[in-house]
Amino acid sequence: MVVPADCALHEAIQVSPLILSDDVRRQKIENHTAKMRLSVATVRKIQDVFISEVNKGIHQQPSSLQMENTYIPELLDRTEEGLYLALDLGGTNFRVVLLELAHGAPIRQEVKKYHIGSELRIGSAIPLFDFLAKCVSDFVIARGLQDVELPLGFTFSFPMIQHSLDVAVLVTWTKTFNCPDAVNKDVVKLLREALDRRADTKVKVVAVLNDTTGTLVQGSTLDPNVAIGLILGTGSNACYLERADRVEHWETERHGEKEVIIDIEWGAFGDNGVLDFIKTDFDRENDANSLIVNSFTFEKYISGKYLGEVVRVILARLTKEGLLFVGETTLHSLLTPGTLTTDLVSKIEQDSVDGGNSNTKEVIKKFGIIPDEDDIRVVQYVCEVASNRAALLVSICLAGLLDRIDKEQVAIAVDGSLYKHHPRLENWMKRYISLLTSGRQFKLILAEDGSGKGAALVAAIAQRLQERLQ
Ligand code: ADP
Ligand code: MG
């Protein structure tokens, strides 16, 4: 049965038509990329699979969604005052952040970035954590705060299993870090021990979190209706405020909590095969070219680290099939994995928004290729198809979350360069989410620096919870 909502959705998810001088070529290109365009039936199926995986994860059954309890049971209540620290490890820079709060709102912030040399990132964990502790001490002492008790929130952007608000066991290092002796250890304990070895400040580590959770909490200072945090940057993840009575994994004593932030870890959605029905040959190749194959299935469809590569893989295939850049001989760069980064996709998409083609030409020329008019249209089409699929996939999951949250109005706090700079994602997401949720009101708001400011705010919440229990 075709319902009106499905008709509207069908209309909304159509990409711009590909118009080429050669209709046979157009037809072939559309056929090659057909599986990248999701039908309404497939969208509904993904929605069902996501909800099913969320439920399984929450009920501790096998699921590709970890649904981690963050043990953050409430947001700011506006009584938070004073100075809080954050430590941000795992992003592009290692940072120490000092935040001053008045009535639960930031009134002053100081940030210092530090470089972690490769000799510290690889090897034993002790020198690494000693370095982190030294940076904290230097930062605190330089501000004359060594005798002030400073609660610290530790943003640790690596896979971890949380046992409480301030106990998190490292599952594995990723990115450029590899200190094997820290795996299976509590990273908060490692940091506390390093701070204790110095014993030159009164810094107190009270919470450990990731950037997604920090984004939700940071967003809640901008809009009180924030109940979802979303990252669309190098990677992708989301978290949301879940009803506490639905959460089975809860290792600490409960104190009548009504809600708790659940970190979905949705980058791994589909790692158990539940999303295989949307996987294309292009996705298989993208996966094969990635650092850790057969993992982070969902992230590889949508995030900044991979979107450009998906586009490149499609363009390379069309070129090999004789459907693009016909007669070009300098294809080496285009055929090399990793050469088409996602910022270039944004650039090309900007042309589609403006109705121009100068950016597209510029990008293609960087690859040493001189495109004709049809080549430009094909490249723009492929960027739109891949970007649109990413927007749709993210929206399907966000709509599923909105329907799960018992609130009339929900604001979604978003951070990440892909969201900030891609010229069409936000508009597509607004449209798709509103068509996919069963009538929930929502807003997308930009909440920057969840891993810094957000972590200091989490420290303030943690401190308040501790005081209440004493
Ligand atoms: P992180 O995720 O490491 O905290 P960001 O949120 O800044 O950092 O995301 C960086 C990622 O965003 C890059 O890996 C890149 O893939 C993507 N990116 C950077 N610039 C753009 C852009 N102009 N358009 C789309 N994606 C971008
Ligand atoms: Mg980030």
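For a straight C-alpha distance cut-off of 19 angstrom, the aspartates and glutamates reachable from K113 (same-chain residues fewer than eight places away being disregarded) are D88, E100, D130, D138, D211, E448, D449. Projecting the Cα atoms of Q47, F131, G153 onto the dipole axis of the range 23-169, where Lys and Arg carry +1 and Asp and Glu carry -1 at the beta carbon, places Q47 farthest toward the positive end. For the range 189-318, with all protein chains in place and a probe radius of 1.4 Å, 47% of the accessible heavy-atom surface sits on carbon or sulfur.
Sorted largest first by accessible area at a 1.4 angstrom probe radius, with every protein chain in place, the residues K204, K35 fall in the order K35, K204. Overall shape of the range 159-297 was characterised from the C-alpha gyration tensor. The equivalent ellipsoid obtained from it has semi-axes of 29, 23, 15 Å, in decreasing order. Rolled with a 1.4 Å probe across the full set of protein chains, the surface gives E362 an accessible area near 90 Å². Ellipsoid fit via the Cα gyration tensor, the range 1-91: semi-axes of 43, 21, 16 Å, each the root of five times an eigenvalue, largest first.
For K134 and A41, compute 0.36 nm times the residue count separating them, minus their Cα-Cα distance, and round to one decimal in nm.
Working: separation 93, 0.36 × 93 = 33.48 nm, distance 5.52 nm.
Between K134 and A41, full extension yields an extra 28.0 nm.
Close Lys pairs in the range 261-414 (alpha-carbon distance under 28 Å; sequence gap of 8 or more, or different chains): 21. Per residue, the accessible area of the range 239-356 comes to 43 Å² when a 1.4 Å probe rolls over the protein heavy atoms. Highest mean first, the peptides 183-196, 260-273 sorted by other C-beta atoms within 10 Å per residue fall in the order 260-273, 183-196. For the range 156-224, relative contact order (Cα pairs under 8 Å, six or more residues apart, normalised by length) works out to 31 percent. In terms of packing, defined here as the mean over residues of other Cβ atoms within 10 angstrom, the peptides 443-454, 55-66 line up highest first as 443-454, 55-66. Applying 1/(1 + (r/R0)^6) with r as the Cβ-Cβ distance of V326 and T176 and R0 = 30 angstrom yields a FRET efficiency of 0.15.
Using a probe of 1.4 Å, the accessible surface attributed to I51 totals some 70 Å² when neighbouring protein chains are kept in position. In a fully extended conformation the segment linking I19 and K366 would gain 122.5 nm over its present Cα-Cα distance, using 0.36 nm per residue. For the chain, the mean residue ellipticity at 222 nm estimated from helices alone is -13500 deg cm²/dmol, where every DSSP H run of n ≥ 4 contributes -39500 (n - 2.57) and the total is divided by all residues, rounded to the nearest 500. The orientation-averaged shadow of the Cα convex hull for the range 391-470, equal to a quarter of the hull surface, comes to 6.5 nm². Projecting the Cα atoms of L209, P106, C179 onto the dipole axis of the chain, where Lys and Arg carry +1 and Asp and Glu carry -1 at the beta carbon, places C179 farthest toward the positive end.
For the listed peptides 13-26, 309-322, a ranking on the average number of other beta carbons within 10 Å per residue, highest first, reads 309-322, 13-26. Short to long, the 20 Å bins of the Cα pair-distance histogram for the chain hold 24, 52, 22, 2 percent of all pairs.
The values are calculated or read from the model by the stated rules, or taken from the named source; none is laboratory data. Keep in mind it's a predicted model, so treat the numbers as computed, not measured. Note that we place each Cβ from the backbone using ideal geometry, even for glycine, and neighbour counts take in every protein chain shown. Side chains are part of the model used for accessible areas, which takes the heavy atoms of the whole protein and leaves out ligands, DNA and RNA. Shrake-Rupley method; radii C 1.70, N 1.55, O 1.52, S 1.80 Å.
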